[in-house]
Amino acid sequence: MTTTEAPLTSGDDAAAARGAAAACHGETAAPAGPHGYSKQKDQHLKRLRRIEGQIRGLQRMVEEDVYCIDILTQVSASTKALQSFALQLLEEHLRHCVAQAAVKGGDEIDAKVAEASAAIARLLRT
């Protein structure tokens, strides 16, 4: 994303996501150390590059005046790819961050469940 592009989330959502990531490791600043997705990081990056290629393909299709239904088909494929990526990331978050909070117990597990529920609600709105 370039500096002239609008972020995909609102400022409040982005701030909440950063805070949630920090909370994942019991921190209040930028988190350090492994995240739930760390073991799969290379695969995730490869997948995101593939999705980026799909989006560039959409741009090219519009530039080349491709038939609208063909573009919509590609939009659908790109959307499904992003949704699939999001679900994988959510699963890794549940297995890592939420599971760690469950072991610790107390208020932390309640916060993690609320955080995961909010993330699921955001995914369902899209």
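Out of everything in segment 40-57 that is touching a residue at least 24 places away in the same chain (Cβ under 8 Å) and out of contact with any Asp or Glu (no Cβ under 8 Å at 6 or more places or on another chain), what residue ends up being most open to solvent (accessible area, probe 1.4 Å)?
Going residue by residue through segment 40-57, those that are touching a residue at least 24 places away in the same chain (Cβ under 8 Å) are 40, 44, 47-48, 50-51, 54.
Checking the rest, the ones that are also out of contact with any Asp or Glu (no Cβ under 8 Å at 6 or more places or on another chain) come to 44, 47-48, 50-51, 54.
Working: His44: 15, Arg47: 62, Leu48: 66, Arg50: 141, Ile51: 10, Gln54: 44 Å².
If we take residues in segment 40-57 being touching a residue at least 24 places away in the same chain (Cβ under 8 Å) and out of contact with any Asp or Glu (no Cβ under 8 Å at 6 or more places or on another chain), then Arg50 is most open to solvent (accessible area, probe 1.4 Å).
Could you say whether any residue in segment 32-41 is at pLDDT below 95, among the basic types (Lys, Arg) and in a helix (DSSP H, G or I)?
Looking only at segment 32-41, we keep the residues that are at pLDDT below 95, and these are 32-41.
Among the residues that remain, those that are also among the basic types (Lys, Arg) are: 39, 41.
Filter once more, so that each one left must be in a helix (DSSP H, G or I): 39, 41.
Yes, some residue in segment 32-41 is at pLDDT below 95, among the basic types (Lys, Arg) and in a helix (DSSP H, G or I).
Looking at this structure, is Arg18 out of contact with any helix residue (DSSP H, G or I) (no Cβ under 9 Å at 6 or more places or on another chain), modelled with pLDDT under 95, part of a helix (DSSP H, G or I) and of a type outside the set (A, V, I, L, M)?
Values: out of contact with any helix residue (DSSP H, G or I) (no Cβ under 9 Å at 6 or more places or on another chain): yes; modelled with pLDDT under 95: yes; part of a helix (DSSP H, G or I): yes; of a type outside the set (A, V, I, L, M): yes.
For Arg18, the condition - out of contact with any helix residue (DSSP H, G or I) (no Cβ under 9 Å at 6 or more places or on another chain), modelled with pLDDT under 95, part of a helix (DSSP H, G or I) and of a type outside the set (A, V, I, L, M) - is met.
Quick check on segment 93-110. Is at least one of its residues over 14 Å from the mean Cα position of the chain (by Cα), open to solvent by less than 60 Å² (accessible area, probe 1.4 Å) and among the basic types (Lys, Arg)?
No, segment 93-110 has no match at all.
Out of the residues in segment 58-89 meeting the condition of being surrounded by 15 or more Cβ atoms within 10 Å (Cβ to Cβ) and among the small types (Gly, Ala, Ser), tell me which one is farthest from the chain's Cα centre (by Cα).
Ser78
Output the residue which, of all residues in segment 64-94 that are in a helix (DSSP H, G or I), charged (D, E, K, R) and without any contact (Cβ under 8 Å) to a residue 24 or more places away in the chain, is farthest from Arg50 (Cα to Cα). Spell out the reasoning first.
Taking segment 64-94 first, the residues in a helix (DSSP H, G or I) are 68-94.
Filter once more, so that each one left must be charged (D, E, K, R): 70, 80, 91-92.
Those still in the list that are without any contact (Cβ under 8 Å) to a residue 24 or more places away in the chain too: 70, 80, 91.
Numbers: Asp70: 19, Lys80: 13, Glu91: 21 Å.
Out of the qualifying residues, it is Glu91.
The conditions are (1) modelled with pLDDT of 95 or more; (2) open to solvent by less than 70 Å² (accessible area, probe 1.4 Å); (3) part of a loop (DSSP other than H, G, I, E, B), and Glu27 fails exactly one of them. Which is it?
(1)
The values are calculated or read from the model by the stated rules, or taken from the named source; none is laboratory data. Remember, it's a predicted structure, so these values are computed and weren't measured experimentally. Quick reminder, even Gly has a Cβ in these numbers, built from the backbone with ideal geometry, and neighbours come from all protein chains shown. Ligands, DNA and RNA are stripped out before the accessible areas are found, and what is left, the full protein with its side chains, is counted by its heavy atoms. Shrake-Rupley method; radii C 1.70, N 1.55, O 1.52, S 1.80 Å.
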